[in-house]
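Chemist: Please find one structure pasted underneath; my questions will follow.
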Amino acid sequence: MAGLVGFVGEVSPAEGERRLREMAQRLIAQGAERIDLYLEAGVGLAHVALDAAARENQPIWNEDRSLCILMEGEVYDCADEKRRLVEKGHRFRTDSDAEYLLHLYEELGEDFALRLNGPFVAAIWSPERRRLLVVNDRWGLQPLFYAQVDGRFLLASGARAILADPAYTPRVDLIGLSEFLTFEHALEDRTLFEGIRLLPPASVLTVEGDALTVRSYWEFRFVEEYEDHPEAWYIEGLVHHLRQAVRRCRRGDGPEGVLLSGGLDSRAVLAAMDGAGGGAHTFTFGIPGCDDARLAQEVAKRARTRHHFVPLRPEDLPRMVDEGVWLGDGLNSAVHMHILTALPEAARHVRVVYTGSLGDSIMGQHLRRPLVAIYPEDVLARMLFRHYNTGFSEPELARLLHPSLYRRVRGRPFEAFRRTLAESRAILAANRREHYSIRQNERRWILEGQRLLRSRLVVRTPFYDNDLVDFMVRVPPGLRLEGYLYRRAFAAAFPHLAKIPWAATGEPLTSSTRGTLIRLGRQLRWRLRSAGLRFLPPPRRRPYADYAGWLRTVLRPWVEEVLLGERALNRGFFDPDAVRALVEEHVAGADHTRKLGVLITFELWCRYFLDGEGGKEG
């Protein structure tokens, strides 16, 4: 896994190098990564490159060696800005993004990141001032964790690397745990590790002397005073910005692939690539015959890609979860790590993979009519909390957690939810919901899957393009509602792919004979069943996974070993009877899949990081 690690604080030179190498080693996922080190008295910084053939060594210095930079990620469309910097006297020794960021920082100061478009995290060190500056992109697409331990500042692209400092004793962040059990992810900057925080998006973190400060350089907002444009203007603008976003990402730096589902977002990315002229690979995973497999195969055939289908098998889940808990620092549920199924196959064929992440949120696909309204703050908070509370409810937490622990976290998940919901400062419920979804749900849950992919691949997410997002936040909610504008724009720009049904509705995006026949078939089946022919199965979707069934059958021994063993039941966090009852109810037919998923993740996290057992460390 590529990324950064480092420390600022007193450590002997020999110990500093040993510790820095150990931190870097904890990021490594496949053994082919390259580690670049920088050490001087009281500071150590390292960059782990995804492969040993990475172009430039880091850190990169400016002309007078007064500043150096280490960076992970990439930025797009910077050729014009580079020329202006050269005209102002800056000299470039490489064509790397890292050197561009360093010179831009020299020219503009701490707000240089406002000019950047792309996923990155960078650490800039000033030896003379003894000052470290850490900056990330607007969306936090390259995660960075940090902590202060025994007078030292520690940073790492994986929280597990911070555990290499012997002064850090891993303990559970109880509030982070309560959020994880409630939402299947933590909120804001929390992790499961007490004292380890995730750097918020669009942040400038400064370490100078004994002072550590974190400030935001940009705020994400929905515009709520809309301009008067015809629908055709918005359609043309959306298509333009989508194509531009994809074009910016394509740097010609290796074989490309798209993670292709039966949905619209990955299809839109592939369409905007024009199928990469038939040279792109596409990857789909799931149960053979599922909707995603069937529809993605049809899209791939129409787009003339080299398509790969990887079956999702329940017997592979324990291995995937072991790997995922380690690589993801326990921040994702065991039933949401299926991306690891396709990772080995993708890594065999491509270096770069594109995903449709953020598409459904920024395009309004989850917006429904009741949200195009204004609600009192408390009413909206409770209404949306019910939607996002996909794990344990508050009464269920009271039964699950040890009484002394529950008293410390009672009501805290809802408090955090309400606080983060209010950060949007929007008036319309639709905009407040989407702001929360993008800033919390997407970043702390969906992007955890991207982090697993980045352990072996370069991941590009065109929907996070600055200009595309800036365009969409100015689209009136009525046009974003249920993805209306998005679907119209896709149908107008890519009619050949719009004729293929998509998973959300099972129908094409455009009127066609095929769509009519699908609807007639559904109506006929419904009428026949209503007339008494109940032996006819109702129309149903075929999901890519059956975690509920697997956890109560073929994976039941694994569930019981992880959750019902003496060690797990005696940790003191959960009431043993409540855990036993949850497993028994699920086996008997209740659906506790998502609750079991977070409990499995947490127990494995305890084994790896509290007990020091197994994981990739071993």
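Chemist: Using only Cα atoms, what Kirkwood radius does segment 170-257 have, in angstroms? Spell out each step's value before the answer.
Modeler: Numbers: mean 1/r = 0.0555 Å⁻¹.
Evaluated on segment 170-257, it is 18.0 Å.
Chemist: Compute the signed sum of charges (Lys and Arg +1, Asp and Glu -1) over the other residues within less than 12 Å, Cβ to Cβ, of LEU259.
Modeler: Numbers: positive: ARG267, ARG460; negative: GLU256, ASP265, ASP292, GLU345.
Counting the neighbours of LEU259, the net charge comes to -2.
Chemist: Still on this structure, please answer the following. With a ≥ b ≥ c taken as the square roots of the eigenvalues of the C-alpha gyration tensor of segment 509-594, please select rounded if a/c is under 1.5 and otherwise prolate if a/b is larger than b/c or oblate if it is not? Numbers along the way, then the final one.
Modeler: Values: a/c = 4.27, a/b = 2.82, b/c = 1.51.
Since a/c reaches 1.5 and a/b is larger than b/c, the shape of segment 509-594 is classed as prolate.
Chemist: To continue, here is another question. What full-extension length gain, to one decimal in nm, is calculated for LEU524 and GLU22 as 0.36 nm per residue of separation minus the Cα-Cα distance?
Modeler: Values: separation 502, 0.36 × 502 = 180.72 nm, distance 6.43 nm.
Fully extending the segment from LEU524 to GLU22 adds 174.3 nm.
Chemist: Using Cα centres only, tell me the gap between segment 316-356 and segment 546-618 in whole Å.
Modeler: Segment 316-356 and segment 546-618 have Cα centres separated by 19 Å.
Chemist: Which of rounded, prolate, oblate describes segment 55-100, given a ≥ b ≥ c as roots of the alpha-carbon gyration tensor eigenvalues and a/c under 1.5 marking rounded, otherwise prolate only if a/b is larger than b/c? Mind dumping the intermediate values first?
Modeler: Working: a/c = 2.18, a/b = 1.12, b/c = 1.95.
It is oblate, given that a/c is not under 1.5 and a/b is not larger than b/c.
Chemist: Something else: Using only the alpha carbon atoms of segment 357-516, find the Kirkwood hydrodynamic radius as the inverse mean reciprocal pair distance, in angstroms to one decimal.
Modeler: Details: mean 1/r = 0.0551 Å⁻¹.
Computed over segment 357-516, the radius equals 18.1 Å.
Chemist: Taking the simple approach of a point 7 Å from Cα along Cα-to-Cβ for both GLU225 and VAL587, what is their distance in nm?
Modeler: According to this spin-label approximation, the distance is 6.3 nm.
Chemist: Another question about this same structure. In debye, nearest 20: dipole of the chain around its Cα centre with unit charges on the Cβ of K, R (+) and D, E (-)? Mind dumping the intermediate values first?
Modeler: Details: 85 positive and 84 negative charges, 529 e Å.
The dipole magnitude comes to about 2540 debye.
Chemist: Run through segment 63-124 and list the chymotrypsin sites (Phe, Trp or Tyr not before Pro) located in a DSSP loop whose Cβ has at most 15 other Cβ atoms within 10 Å.
Modeler: Values: sites: TYR76, PHE92, TYR100, TYR105, PHE112, PHE120; in loops: TYR76, PHE92.
Answer in residue order: PHE92.
Chemist: When the Debye formula is applied to the Cα atoms of segment 303-381, each taken as the same point scatterer, what base-10 log of I(q)/I(0) results at q = 0.12, 0.25, 0.28 Å⁻¹?
Modeler: After summing over all Cα pairs, the log10 values are -0.60, -1.24, -1.30.
Chemist: Work the Kirkwood hydrodynamic radius out for segment 477-528: mean of 1/r over every pair of different alpha-carbon atoms, inverted, in Å. Mind dumping the intermediate values first?
Modeler: Values: mean 1/r = 0.0835 Å⁻¹.
The Cα-based Kirkwood calculation yields 12.0 Å.
Chemist: Of the listed values (i) 38.3; (ii) 24.9; (iii) 29.1, identify the label whose number matches mean projected area of the Cα convex hull in nm² calculated from this model.
Modeler: Answer by label: (iii).
Chemist: Within the P(r) computed for segment 410-488, what percentage of the Cα pairs occupies the region above 20 Å? Provide the component values of the computation, followed by the final result.
Modeler: Numbers: 1427 of 3081 pairs.
So the pairs more than 20 Å apart make up 46 percent of the total in segment 410-488.
Chemist: Moving on to the next point. Which residue, chosen from TYR464, PRO543, LEU564, occupies the Cα position most advanced towards the positive end of the dipole of segment 459-596, where the dipole is computed from +1 (Lys, Arg) and -1 (Asp, Glu) charges on Cβ about the Cα centre?
Modeler: PRO543
Chemist: If the only charges are +1 at each Lys and Arg Cβ and -1 at each Asp and Glu Cβ, what is the size of the charge dipole of segment 342-402 around the Cα centre, to the nearest 20 debye?
Modeler: Values: 7 positive and 6 negative charges, 42 e Å.
The calculated dipole for segment 342-402 is roughly 200 debye.
Chemist: Quick one: Debye curve from the C-alpha atoms of segment 1-119, no solvent, what's log10 I(q)/I(0) at q = 0.15 Å⁻¹?
Modeler: -0.73
Chemist: Between beta-carbons, use under 12 Å as the cut-off and find the net charge around LEU108, counting Lys and Arg +1, Asp and Glu -1. Please list the in-between numbers first.
Modeler: On the way: positive: ARG84, LYS88, ARG115; negative: GLU81, GLU106, GLU107, GLU110, ASP111.
Every neighbour counted, the sum reads -2.
Chemist: Is there a quick way to get the dipole size of segment 515-618? I mean about its Cα centre, with the Cβ of Lys and Arg at +1 and of Asp and Glu at -1; what is the value in debye to the nearest 20?
Modeler: Details: 18 positive and 13 negative charges, 281 e Å.
That gives segment 515-618 a dipole magnitude of about 1360 debye.
Laboratory data are not the source of any read-out in this text; all were calculated from the coordinates shown. Quick caveat, the model's predicted, so the values are computed rather than measured. Every residue, glycine among them, receives a Cβ derived from its backbone with ideal geometry; neighbour counts consider all protein chains shown.
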